[in-house]
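In what follows, a single structure is set out as structure tokens and then discussed.
The values are calculated or read from the model by the stated rules, or taken from the named source; none is laboratory data. Note that the structure is predicted; figures quoted are calculated from it, not measured. Don't worry about glycine lacking a Cβ; one is built from the backbone with ideal geometry, like all the others, and counts go over all protein chains shown. Ligands, DNA and RNA are excluded from the accessible area calculation, which covers all protein heavy atoms including side chains. Shrake-Rupley method; radii C 1.70, N 1.55, O 1.52, S 1.80 Å.
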Amino acid sequence: MKRTTKIQIGIFVTLIFLVFNSFGQTPVQMYGKLHTQGSKIVDSTGKAVQLRGMSFFWSQWIGKYYTYNTVKWLRDDWKCTVVRAAMAVNSGGYMSNPASEKAKIETIVQAAIDLGIYVIIDWHSHSAELAAETAQAKLFFAEMATKYGDKPNIIYEIYNEPLNVSWKDTLKVYHEAVIEEIRKKDSDNIIVCGTGNWSQDVDIAAANPITKYSNIAYSLHYYAATHKKWLRDKALLAINKGMPLFITEFGTCLASGTGVLDSVETETWWDFSDTHKISWCNWSVADKTETASILQPGASTEGNWPLSQLTPSGILVRNELRKQYSIISNNDSIAIIISSPQSITALGGTTVSFNVEAIGRKPFTYLWKYNNVEIPNSNSATLTLQNISANNIGQYHVEITNSFGITISNKASLTVKTKEPYNNTVSQIPGKIEAEHYDLGGENISYHDMNIENSGKAFRQDGVDIEPTSDGGPGYNVGWTEAGEWLEYSVFIHNSGEYRIDLR
């Protein structure tokens, strides 16, 4: 449903710019002053609005992307209607360097105002309830409200991610104190309040919401590979109580910012957000070597990023953002890929398929390539390879042609793996098999583990959870098991018959 592509730049950029401006207005001109109404954020006419965009990284660590041109590229190429300026508060941030950190935020705010998109001014902290920090937050937001409060672009996020602290006794008290300072200068721009446990306990806040002030929303943060249906259920409880949510930060991976890119859960969250008109910002505009970053190390600090400078997460998110505007154009365009070919790891001898889905002016002509060489008779949206072997290892992409031109997809890799016995030793049956001596091959080849990390941090460098033990044998055991996990072992059975398995 929602993926990305590599495009012939000269034709595509011009086309999408026209689509973006097909209304002749910027997002702020289209929606005007936002406010809350029940569980929704609505525009100046009372119609529900869903903003989509990007969050910048901690300002003190990767502040190099806090530039006008980055904001402009995110608006024009990525189709962002909102950006989030994440002003670091501690660890070298605002509390110790207020002038330099505030200057970065004001660069982004002014760029958003000039370019006609919305901007979140984010107090990026995990300890804002501490007295010294609360005092600084009140002064900072009073200054921001004085300077920008008359602009409809502005959204205040007054506490990024509280930890495990009381909503009633601590967080609500903090929020009301800071809101009071903002409302002295800005009576109506939306203020987003952080909720407990990394902005996940929206259900708790919904049971005791802030009623003293209007136009208040609440932050919901998730990372797709960690936070799944249980967090959507909490969000739904809050929505059903009339609480307006804003996903001011989400990632496509684990909550650590690392690990697998979980496109399935990411798209489930996008569907949930679309259904309930929840605005969102993706984490993050950064070139840090981690899954959540949208940029490869060293990518330009002024935008104009080719696809080669984007990470898989960046490609996925960019495509989702652009898709919203491509639909507006009534599909009268060059092919726009909304579901890209995905890399595959599979066992030799099996059948695999690469798939692509695109919208735009039809009919389409498809041409698949293997390591940039044309594959004969590959004229459909699906490329199927049967009985794969080492000869099929490489990169695959597809070119889609219509009357407007050619669209080139990303390159997806095929890795063909075979299982091998651990230490090249086949276990004997009857005999003893150490649990940690499962076959080599990797995830979904020789084992399946729900958590990509080794929770026991011992013995082998893969995802199976192994820990030391003093209970005999080589000194390790497999633990943290969950339903659906499995391990495979290569064995030699000396004689046919029935065998009893004893597990300890």
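Of the chymotrypsin sites (Phe, Trp or Tyr not before Pro) found in the range 71-105, no site is in coil according to DSSP while having at most 12 other Cβ atoms within 10 Å of its Cβ.
Placing unit charges on the Cβ atoms only, positive for Lys and Arg and negative for Asp and Glu, gives the chain a dipole magnitude near 1580 debye about its Cα centre. If you fit an axis through the alpha-carbon atoms of helix 9-20 and take the longest principal axis of the Cα set of the chain, what angle between them do you get, 0 to 90°, nearest 10? With both axes taken from Cα atoms, the answer is about 50 degrees. If you sort the three axes of the alpha carbon gyration tensor as a ≥ b ≥ c, you get a/c under 1.5 for the range 215-360, which makes it rounded. Of the listed values (i) 28.1, 89; (ii) 30.6, 143; (iii) 25.7, 85, identify the label whose number matches Rg and Dmax of the Cα atoms in Å calculated from this model. So the calculated entry is the one marked (iii). The HN-Hα couplings worked out from phi for the range 451-460 by the Karplus form 6.51 cos²θ - 1.76 cosθ + 1.60 (θ = phi - 60°) are 10, 5, 9, 7, 5, x, 6, 9, 6, 10 Hz, whole numbers, x standing for Gly and Pro.
Counting heavy atoms of the protein chains alone, D471 has an accessible area of about 90 Å² for a 1.4 Å probe. Just how much of W486 is accessible, in Å², when a 1.4 Å probe is used and the result is rounded to the nearest 10? Ignoring ligands and nucleic acids, W486 comes out at about 90 Å². Sparsely packed loop sites in the range 76-145 (the GluC sites (Glu not before Pro) outside DSSP H, G, I, E and B with at most 13 other Cβ atoms within 10 Å) do not occur.
Between amide H atoms placed 1.01 Å from N, distances below 5 Å from Y218 occur with C193, L245, F246, all of them 5 or more places distant or on a separate chain.
Evaluating 6.51 cos²θ - 1.76 cosθ + 1.60 at θ = phi - 60° for every residue in the range 415-431, the Karplus couplings come out as 10, 9, 10, 10, 7, 9, x, 5, 6, 6, 10, 7, 5, 9, 10, x, x Hz, glycine and proline recorded as x.
Rounded to the nearest 10 degrees, the inclination of helix 229-240 to the longest alpha-carbon principal axis of the chain is 30 degrees.
At 1.4 Å probe size, put F492, F364 in order of accessible surface, largest to smallest.
The residues order as F492, F364, largest area first.
Along the positive direction of the dipole of the chain (beta-carbon charges: Lys, Arg +1; Asp, Glu -1; about the Cα centre), which of V356, I41, T226 reaches farthest? About the Cα centre, the residue reaching furthest to the positive side is I41. The amide H of K417, built 1.01 Å from its N in the peptide plane, has A346, L347, G348 as neighbours under 5 Å, considering only residues 5 or more places off or on other chains. What the Cβ-Cβ distance of M95 and A48 gives, at R0 = 41 Å and to the nearest 0.05, is a FRET efficiency of 0.65. What separates the Cα centres of the range 195-247 and the range 382-405 is a distance of 43 Å.
Taking amide H positions as modeled 1.01 Å from N, with prolines and chain starts lacking one, the residues under 5 Å from R84 and 5 or more places away or on another chain are M54, S55, F56, I120. Computed with a 1.4 Å probe over protein heavy atoms only, the accessible area of M87 comes to about 0 Å².
A straight chain from R504 to D169 at 0.36 nm per residue would run longer than the Cα-Cα distance by 115.8 nm. For the range 287-293, backbone phi angles converted through the Karplus equation (6.51, -1.76, 1.60; θ = phi - 60°) give residue-by-residue couplings of 10, 5, 6, 7, 4, 5, 5 Hz, Gly and Pro being listed as x. Considering only protein heavy atoms and a 1.4 Å probe, what is the carbon-and-sulfur percentage of the accessible area of the chain? Carbon with sulfur: 52 percent of the solvent-accessible area. The helix-only estimate of mean residue ellipticity at 222 nm for the chain, built from DSSP H runs of length n ≥ 4 each weighted as -39500 (n - 2.57), is -7500 deg cm²/dmol after division by the residue total.
Only Lys, Arg, Asp and Glu carry charge here, each on its Cβ (+1 for the first two, -1 for the last two); on that basis the range 418-504 has a dipole of about 320 debye about its Cα centre.
Each peptide in 445-453, 393-401 gets a packing score, the mean of other Cβ atoms within 10 Å over its residues, and the list from highest to lowest is 393-401, 445-453.
A Förster distance of 51 Å, applied to the separation of the beta-carbon atoms of L130 and N424, puts the FRET efficiency at 0.35.
Across the cross-link table entries K212/K323; K40/K184; K72/K151; K323/K417, which are compared at the Cα atoms, the separations over 29 Å belong to K212/K323; K323/K417.
Computed from the Cα positions only, the extents of the range 346-504 along the three principal axes stand at 70, 36, 24 Å, in decreasing order. Taking all protein chains together and a 1.4 Å probe, the residues R75, R500, R361 rank R500, R361, R75 from largest to smallest accessible area.
Restricting the chymotrypsin sites (Phe, Trp or Tyr not before Pro) of the range 128-234 to loop positions (DSSP other than H, G, I, E, B) with no more than 16 neighbouring Cβ atoms within 10 Å leaves Y213. For the pair N355 and D150 in one chain, pulling the backbone fully straight at 0.36 nm per residue adds 68.9 nm over the alpha carbon distance.
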